[in-house]
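Everything on this sheet refers to the single structure shown next.
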Amino acid sequence: MTEIAKGVHWVGVTDWGIRRFHGHELSVHRGTTYNAFLIKDEKTVLVDTVWGPHADEFLGKLRQLVDPASIDYVVVNHCEPDHSGSLPALMRLCPKATLIVSRGGATSVPGHYHESWPMKTVKTGDRLSIGTRELVFVEATMLHWPDTMFTYVTGANVLMSNDAFGQHYATAFRFNDLVDEEELYEEALKYYANILTPYSDRVLKKIDELVAMNLKIEMIATSHGVLWRKDPLQIVTKYREWATQKPEPRATVIYGTMWNATEHMAKSISEGLGEAGIESKVFNAAISDTNDMMVEIFRSRLIVLGSCTYNNGVLPSVTKTLEELRGLRFKNKIGAAFGSYGWSGESVKLLEEHFEACQIPVAKEGLRVKWQPAQADLDQCRAYGRDLGALVKA
Ligand code: FEO
């Protein structure tokens, strides 16, 4: 239980074993942590809990520092169960503690737990004295739930930002300066791309609002992964950059294939992109990690999607990618479609319609090949890739 600042203790749990998160929808190759914090002052405050299956470990850590019955306040920065799941077990031990929730939390907490726990609602700028220090609350609506809130601890100068600035990254270390920086940023970017991208405009506004509040931030204590202790605002700067969604001049090629015809097309298009000086990553949607593909898309100016025609549509493996594209609402992209077919041949048109529905302009009319591509078809795919590469550079 690291004391992260004077009187502020990490009482979280490291989940080394998890590989699928959000009901198996999100891959977490490096595990995760659920960070919760105990503040000991004239009042005793707990900020967030951990996911329910880890409640015993969490409460065991808490008991080493404090009698849970003495807790005065439990701040619920966000009610998603990875942070609030231990509330029922906790509140049985401290039934008189007052929950501090945002206006969004005033509905999400009862909506999840259907309990009549004492509850106080706060809004941005509200302050709560806990003795020698104060808690300052900052609502962070839709980063990434309506209830999301940051809690700042004066004196310690720690911003507890919940999911924002987090990483699904299990480690025995608590601070950014103690871990591999490349791994850390890989996970931070994956987190942003897959969770926060749709709310990028709000991220920019929230950062501006935080800056205007003039809080002296010496540490950002996110709820997943390591805490930003060394140069803590580096991740804020990075979020500003990511939130603008300015893409790199590169491409992501994703395809679904049954008998490799569309795969051959994908590889030739990628070669053509390379001939135009544009780097691309190529993924078979059926066997690739969707969240990793979304990171590549996040970085790329060009998205090239391919599918053979299957039952007058696209392959189910590609449909999952389309759903993510729709939901994550990427900006500043261009798209292109390709695919093989045997008879009806609708897939390319459907992919183009999907791009348009996602407000991703189609950069060049799609490319179709009947049956297996011959050498001339592959040459055409390479030329198509070169043309797309030129459009990326434009
Ligand atoms: Fe880490 Fe939105 O929960």
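The values are calculated or read from the model by the stated rules, or taken from the named source; none is laboratory data. The model shown is predicted, which means the values in this text are computed figures rather than measured ones. Neighbour counts run over all protein chains shown; Cβ positions are idealised from the backbone, glycine included. The accessibility values were calculated without ligands, DNA or RNA, using every heavy atom of the protein model including side chains. Shrake-Rupley method; radii C 1.70, N 1.55, O 1.52, S 1.80 Å.
Side notes on the structure shown:
- Additional length obtainable on full extension of the chain from ARG63 to LYS96, 0.36 nm per residue less Cα span: 10.2 nm
- The 1.4 Å probe gives accessible areas that order HIS54, HIS168, HIS24, largest first, as HIS24, HIS54, HIS168.
- The trypsin sites (Lys or Arg not before Pro) of region 190-230 that meet both conditions, a loop assignment by DSSP and at most 16 other Cβ atoms within 10 Å of the site Cβ, are LYS216, LYS230.
- Normalised contact order of the chain, rounded percent, pairs of Cα under 8 Å and 6 or more residues apart: 12 percent
- Extension gain for the segment MET258 to GLN234, taken as residue separation times 0.36 nm less the Cα-Cα distance, is 4.1 nm to one decimal.
- Within straight-line reach of LYS43, meaning a Cα separation under 20 Å, sit the following lysines at least 8 residues removed in sequence or on another chain: LYS6, LYS61, LYS96, LYS120.
- As a rough guide to protection, the peptides 252-258, 90-96 ranked by mean Cβ packing within 10 Å, highest first, stand as 252-258, 90-96.
- With both labels modelled 7 Å from their Cα along Cα-to-Cβ, the ASP379 to ARG103 distance reads 6.6 nm.
- Under the span-like rule (Cα at least 24 Å along the axis, Kyte-Doolittle mean at least -0.5), DSSP H helices of the chain: 375-393
- Accessible surface of the chain [probe 1.4 Å, protein heavy atoms]: carbon and sulfur percent: 51 percent
- The amide H of MET119, built 1.01 Å from its N in the peptide plane, has LEU99 as neighbours under 5 Å, considering only residues 5 or more places off or on other chains.
- Where only DSSP H runs of four or more residues are counted, the chain gives -10500 deg cm²/dmol as its mean residue ellipticity at 222 nm, each run worth -39500 (n - 2.57).
- Solvent-accessible area per residue for region 2-243 (1.4 angstrom probe, square angstrom): 39 Å²
- Annotation: extensible slack from MET213 through LYS364 equals 49.7 nm (criterion: 0.36 nm per residue apart, minus Cα-Cα distance).
- Under 5 Å, built H, 5+ apart or other chain: amide partners of SER340: THR262, SER307, CYS308, THR309, VAL369
- Choice from ASN176, ASN35, ASN77 showing the highest fluctuation, given a GNM over the chain with Cα pairs closer than 10 Å: ASN176
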